[in-house]
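Structure first, commentary second.
Coordinate-derived values only; no laboratory data. Here the structure is a predicted model, which means the values were calculated and not measured. Note: ideal-geometry Cβ built from the backbone for every residue, glycine included; neighbour counts use all protein chains shown.
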Amino acid sequence: METWRVVGAAVTALAVSLVGIALATNFRGVAERHMRRSMAVASVLRRVPPWRWLPAVSQEERLPRWILLDRLAGTVFAVVGIVMLVNLSYRLITGQEITMVK
C-alpha cells in the first residue's frame, strides 16, 4: 500500500470534516462570515436586465436563510468527512487497496 495515498486520504477526510463541523456549528461565525462574503461577491456579479425587476428585499433580510443553507451544507460535509475516515480506517485494518479515480 502506498503511503502517499493513505496520507492524502487522511488529510482530505480531516479537512472536509473540520470545514463541515465549522460551518455546521457556526464556530466563531464561520458560516455567517462565509455567506456575507459570498453575497458581496455575488452582488457585484449580478446584473439585471432593464426589462426585469428585483424584489425589494435587502441583503440583510435574505442573510438568515442563506446562513441556514450554509450550515446544512456544512452538516453534509461533516458527515461525508466522517464516512471517508471510517472507510479509510476499514481499508487500513483489512489491508484493502486504496483506489484512486482516474
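Packing order of peptides 81-87, 5-11, 19-25, highest average first: 19-25, 81-87, 5-11 (average count of other Cβ atoms within 10 Å over each peptide's residues). Against the main long axis of the alpha-carbon atoms of the chain, helix 30-45 sits at an angle near 50°. Can you find, among Ala9, His34, Leu88, the residue farthest towards the positive end of the dipole of the chain? Put +1 on the C-beta of Lys and Arg, -1 on that of Asp and Glu. So the residue we want is His34. In the chain, helical runs assigned H by DSSP with n ≥ 4 each contribute -39500 (n - 2.57); averaged across all residues and rounded to the nearest 500, the mean residue ellipticity at 222 nm is -26000 deg cm²/dmol. Per residue, the convex hull around the alpha carbon atoms of the chain comes to 140 Å³.
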